[in-house]
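The values are calculated or read from the model by the stated rules, or taken from the named source; none is laboratory data. Here the structure is a predicted model, which means the values were calculated and not measured. Glycine also receives a Cβ, built like all others from the backbone with ideal geometry; neighbour counts cover every protein chain displayed.
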Amino acid sequence: MAANKLTAMAFSKLTPNDKDRLVSDGDNLFVSIRADSNGGSKSFRMTYRIAGKKRWVTLKAATLADAREERDNYKVMVKQGIDPATEKKLIIERNRQAQLSEQAELAKLDALITVKDLFERWVATDLKDRKDVTEIRRMFAKDVLPMLGGLVVENVRKGHISQVTDALLLRGVNRMAKLILGLMRQMFRFAVDHDIIDFDPTASINKAKIGGKPVERERVLSEDEIRQLKTKMPDANFMPSTEYAIWIMLSTCCRVGELSKAQWQHIDFNAKTWFIPIENSKSKKAHTIYLSDFALRYFQQLAVIRHSDTWLFPNRDNSSHVSDKSLSKQVDGRQNPIVHKNRAANNTALMLTGSKWTPHDLRRSGATHMGNLGINPDVIEKCLNHEEQNKMKRVYQRQELKAEQAHAWRVLGDRLELLTSDNSNVIPFGKSA
């Protein structure tokens, strides 16, 4: 009871003597004093009734105040029909099971092998009798292992494979890109067959489109072409908003549909962010883009010529956003070498030294140049808002890498600033220019 509560002084004077004893603090709380050869000890115990039976539980508290608080918490549990002593045992068991689960997960991670390890196992097992094994080793040592060798096989995704093939395509060795993709596919299928991984990261890549005639899905604008685009843009006779959209897509790696549906309420000029809600995202995941100074400048220029309080790119009567296909048609119309009667004189204004390009190629180009600038493929995948293909990694690794994404967009923006400035002495990265 409250009248029986120990004072701080009374509690401090409780010392072990020649026998064990319990001293009441009232309201079912007791100080347990133990006498032993080591000078004795003090702890706290609580008594309670559950299912008509009197029970005792030893508390964890070290001070009288903490013991009273712990006792009060246990009393609430008892009122709910929960036995504190049993709950303590369950907590210990839950913690033990969690620790065992973590240990099992660590053991599983320790068992994972790198792409370099897989390559050596594949060569020793499947390629031991092939006459071209030396050449395969040379190709992987030059073009695959420097990019993928240190990755855990379980974590390799389509984006990593594309990084290898895109680098080869940018060098102009299209046939080599096709050949190395085929070899990587053999290696990863070997890994699936030997239960090293559950899926082949090359499975969804169409080999027929690698190394053949450039197609839309493989088109990447080189650094030289980005310079050309800057100088050719005035001749395209675009509305300013269309020109700004092209540079925004290249510098943010967004989809044309996401930009077409963008609303002013989702642009934060102070935080330098653009939020893409779920309903505007192809991957059905909300996405935040951290704007580089390069990208931010074009959003600011859009704000100056704003024609709608809602949409960045409104339709003609401002009732909704512009059609997703509008920008694509405008870009396509500036890359037609066939001259027809009544066709505008700017029909070839945006033809670049490479093949025909589309707005979606700007997204791929931005991501590719991020890779050329040293950005980790995992971060690039986050910037692209791609769905994680590896189920295990999707479940256990949910980090958003926000700082890394912001850095990636900033690095890309800085590079684009150099490429599109009047400075003609920009040093290219490798042969991407």
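One residue is enough: does the stretch 326-338 have a residue meeting the conditions touching a Ser or Thr at 6+ places or on another chain (Cβ under 7 Å), at pLDDT 95 or above and crowded, with 19+ Cβ neighbours inside 10 Å? There is no residue in the stretch 326-338 that is touching a Ser or Thr at 6+ places or on another chain (Cβ under 7 Å), at pLDDT 95 or above and crowded, with 19+ Cβ neighbours inside 10 Å. Listed by first and then second residue, the pairs with beta-carbon distance under 6 Å, at least 6 apart or on different chains, first residue in the stretch 301-326 and without any contact (Cβ under 8 Å) to a residue 24 or more places away in the chain, second of a type in the set (S, T, N, Q) and surrounded by 15 or more Cβ atoms within 10 Å (Cβ to Cβ), are Pro314/Ser308; Asn318/Ser308. Here Met187 meets the list (1) modelled with pLDDT of 95 or more; (2) on the phi > 0 side of the Ramachandran plot almost entirely, failing just condition (2). Within the stretch 35-49, restricting attention to residues that are at pLDDT below 90 and part of a strand (DSSP E or B), the residue that is farthest from Leu22 (Cα to Cα) is Ser41.
Tallying residues that are closer than 18 Å to Asp66 by Cβ and at pLDDT 85 or above within the stretch 12-34 yields 11.
Filtered by the rule that a residue be surrounded by 16 or more Cβ atoms within 10 Å (Cβ to Cβ) and touching a residue at least 24 places away in the same chain (Cβ under 8 Å), the stretch 15-30 gives Pro16, Asp25, Asn28, Leu29. Among the residues that make up the stretch 160-172, is at least one of them more than 27 Å from the chain's Cα centre (by Cα) and at pLDDT below 95? Yes.
Can you confirm whether Ala67 is closer than 21 Å to Lys13 by Cα, part of a helix (DSSP H, G or I) and either in contact (Cβ under 8 Å) with a residue 12 or more places away in the chain or assigned by TED's automatic domain parsing to the domain that holds Gly26 (or both)? Spelling it out, Ala67 is indeed closer than 21 Å to Lys13 by Cα, part of a helix (DSSP H, G or I) and either in contact (Cβ under 8 Å) with a residue 12 or more places away in the chain or assigned by TED's automatic domain parsing to the domain that holds Gly26 (or both).
This table checks each residue for (1) surrounded by fewer than 16 Cβ atoms within 10 Å (Cβ to Cβ); (2) of a type outside the set (Phe, Trp, Tyr); (3) without any contact (Cβ under 8 Å) to a residue 24 or more places away in the chain.
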position	(1), (2), (3)
Ser32	no, yes, no
Tyr48	no, no, no
Lys53	yes, yes, yes
Gln80	yes, yes, yes
Leu90	yes, yes, yes
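Across the stretch 258-280, the qualifying residues are those that are under 17 Å from Leu362 (Cα atoms) and within 23 Å of the chain's Cα centre (by Cα), and the one among them that is surrounded by the fewest Cβ atoms within 10 Å (Cβ to Cβ) is Glu258. Quick one: how many residues across the stretch 243-257 are assigned to a helix (DSSP H, G or I) and either over 11 Å from Leu350 (Cβ atoms) or more than 34 Å from the chain's Cα centre (by Cα) (or both)? Adding up the residues that qualify gives 10.
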